[in-house]
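The structure appears right after this line, and notes come after that.
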Amino acid sequence: MKLAAALAALLFAASTAHAAPMTAADWAKAEATAAALRDKALAGTLAYPILSSLTTEIGPRLEGSEAQHRAAQWGVAKLKALGFKNVHIESFPVNGWTRGEERAAVVGEHAQRLFITALGNSAATPPEGIEAEIVLFHTYADMLAQPPGALKGRIAVVTQPMVRAQDGAGYGQINAMRTFGPVEAEKRGAIGYMIRSLATNSVRTPHTGASRPAHIPAVALAVPDAEQLDRLVALGKPVRVRLVSTPTFKPGATADTVIGEIPGRDKPEEVVLIGGHLDSWDLGTGAIDDGAGVAITAAAAKLIADHGSTRRTIRVAFFGAEELDFSNKAYAAAHPAAEQANHVVASESDFGAEPPYAIQLPAGARASDYGKALANVIAPLDIYIDRAPATNGGSDVESLVGVPLAELRQDGTHYFDWHHTPDDTLDKTDPHRMDKAVAAWVAFVDLIADTDVDFRALAATAPPAPTGRR
C-alpha cells in the first residue's frame, strides 16, 4: 500500500510539473468566483428536486435489487439531462441479500410482541422460527467477555444505548456490536442475536444495518423493545423469545455505479471525485441515506458547470452498493492505480441533508493558499476548516490508494433518529438546508477544480497534525 501511494504521488507530480504556479492575484480571482457560486447556491439549487425525483420515482433501492437497477437508469437519464458528459454505468457483483418475513415475541408468562428488523447479511431462521431463552448484556463488551460455549443454545441480546452527537461519534463507538456481533455471538454458541437499534430516538421503529455474515439470525430491536427486555430480565425470571426471520441471498446479483463528468478544459485527466451512494436500505426511501448526498453533489457540479468549465474534470459518482460494503472495492478495481494517480481529491457526501459545520482537508492543506481561500468563502456559511486533517473521505472511496481525501462534516445531531429505518423519507429534508450544503460543496470543489492545488505535495511537507484544544 505504501509503495502504491508513493507511485501515485510521483505520477501526479509528473503530470503537474510544467504548470505555471498560481499567483496571489490568481487566488484572489478564484476566491471571488467561489464566493459568487456560493451565493448563487444559497439562492436556490436543484438538490431538493433531484432528491424528490429519486425518492418518489424509484423509492427504496437495496443493492442488487431490481429497484437499484432502475435507480441506475434514473441516474444516467438525470446526469445526461443536466449536461454531464461520459455518463455510464459500472456494474459489479454483490451478494443480493433480500429481507424476508420477520417477527419476534416474548413467550410465556409475559407474552408480548417485539418490534424487530433483520440486519443486512443475516442468516435466516427455519421457516417455523427459533425459540430459546435469552441472555441479555447491557454492553457489547460484556458479551465479548463470555468464553466459547457460554451462550450455547440461547439467543444473545445486547442492549447498549447509543450516544447522540453532532459528528455521529456515538455511532462509531458502538457499531461493532451490529457489524461483528453476530459472528461473536455465534462463536460463543448462541443460536440467535438481537441488539438494541443503533439509534438516538425512542420509537418502535427498529434500525437495520449491515453485519458480517454468520450462521445465526441477527436482528435489531426497536429502542423501546430493547428497554422492555431490560426490565423483563430485571424481574429475575428466565425470558424466552420466539424469532422468525427469513432473508435470502440471490446468487449472481449485481449492482450499478453511475458515473458522470464535467470535463476539464486544461487538464481533463486530473479528476476531482465527489458523489454519494445511490443504493439505500429497503425500509425507507433513502432520502437522508443517501439520496441527499447524490443530490447535493450533482447539484454542486451542475452549478459550477453552468458558470463555465473548470481546469480539471469534476467526476460525480452515484455509488451502487455502499450499505453492504461493495462500492469502494468496485470503484477502485474499475479505476486502477494509474488512473487513481490523477485523482486530485476524493470526497463523498453520506451523512444526510444538513449543511456541514466543518471541513477536514488533506494534510497540509489548511494553511495553504487553497485552505485560506476556502476558509474565507465558507466563513459566511458558519463553517470552519478543522485543524485535524481528513482521514476518511467516505465509505465508497476508502479503497483508493494514495488519493488525497477530504470530508465535509455535516450536522448529524438528528441523523440517527431516522437512519436505516422506514422513516428515512423525503419529509426529513429541507430544501434551504440542502442549498446551504450545496453552497459548501460548490466552494470546496470549485477551488480545487479551477486551481492548481496539489494536495499530495502539500501533504509531503505538512507538519504534524495539531493536538489538543488550542
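None of the figures in this text is laboratory data; all of them are computed from the coordinates on show. These figures come from a predicted structure and were not determined experimentally. Glycine gets a Cβ as well: all are built from the backbone with ideal geometry, and neighbour counts include every protein chain shown.
Points to keep in mind about this one:
- Cα centre as origin, Lys/Arg/Asp/Glu Cβ charges: the chain dipole, Debye: 640 debye
- Relative contact order of the stretch 85-207: 23 percent, from C-alpha pairs under 8 Å at least 6 residues apart in sequence.
- Relative to its residue count, the chain spans a Cα convex hull of 146 Å³ per residue.
- Protection-proxy order for peptides 111-121, 32-42, each taking the mean of Cβ atoms within 10 Å per residue, highest first: 111-121, 32-42
- Span-like helix ranges in the chain, DSSP H, alpha carbon extent 20 angstrom or more, Kyte mean at least -0.5: 2-16, 24-42, 292-307, 431-449
- Between the residues 331, 191, 23, the greatest Cα displacement towards the positive end of the dipole of the chain, with unit charges on the Cβ of Lys, Arg, Asp and Glu, is found for 191.
- Kirkwood hydrodynamic radius over Cα pairs of the stretch 340-470, then Stokes diffusion coefficient at 10 °C and 1.306 mPa s, in µm²/s: 102 µm²/s
- Here's the picture: charge each Lys and Arg Cβ at +1 and each Asp and Glu Cβ at -1 in the chain, and of 271, 217, 340 the one pushed furthest to the positive end of that dipole is 217.
- The chain, relative contact order in percent, only Cα pairs under 8 angstrom and at least six apart counted: 23 percent
- Projected area averaged over orientations for the stretch 37-134, convex hull of C-alpha atoms, nm²: 11.2 nm²
- Lys/Arg +1, Asp/Glu -1 at C-beta; the chain dipole; positive extreme among 108, 357, 455: 108
- Put a dot 7 Å past the Cα of residue 427, heading toward its Cβ, do the same for residue 339, and the two dots end up 4.2 nm apart.
- For the stretch 101-249, the Cβ-based charge dipole about the Cα centre amounts to some 80 debye (Lys, Arg positive; Asp, Glu negative; other atoms uncharged).
- Least to most buried among 433, 387 (fewest other Cβ within 10 Å first): 387, 433
- Cα-based shape type of the stretch 101-249, given that a ≥ b ≥ c are square roots of the gyration tensor eigenvalues and the cut on a/c is 1.5: rounded
- Relative contact order %, the stretch 171-251, counting alpha carbon pairs below 8 Å whose residues are six or more apart: 28 percent
- Reachable lysines, given that their alpha-carbon falls under 21 Å from the alpha-carbon of residue 29 and they are not under 8 places away in the same chain: 40, 267, 302, 372
- Taking only Cα atoms of the stretch 270-350, radius of gyration then Dmax in Å: 13.5, 42
- Note on residue 202 and residue 42: their simple-model spin labels are 3.9 nm apart, each label 7 Å out from Cα toward Cβ.
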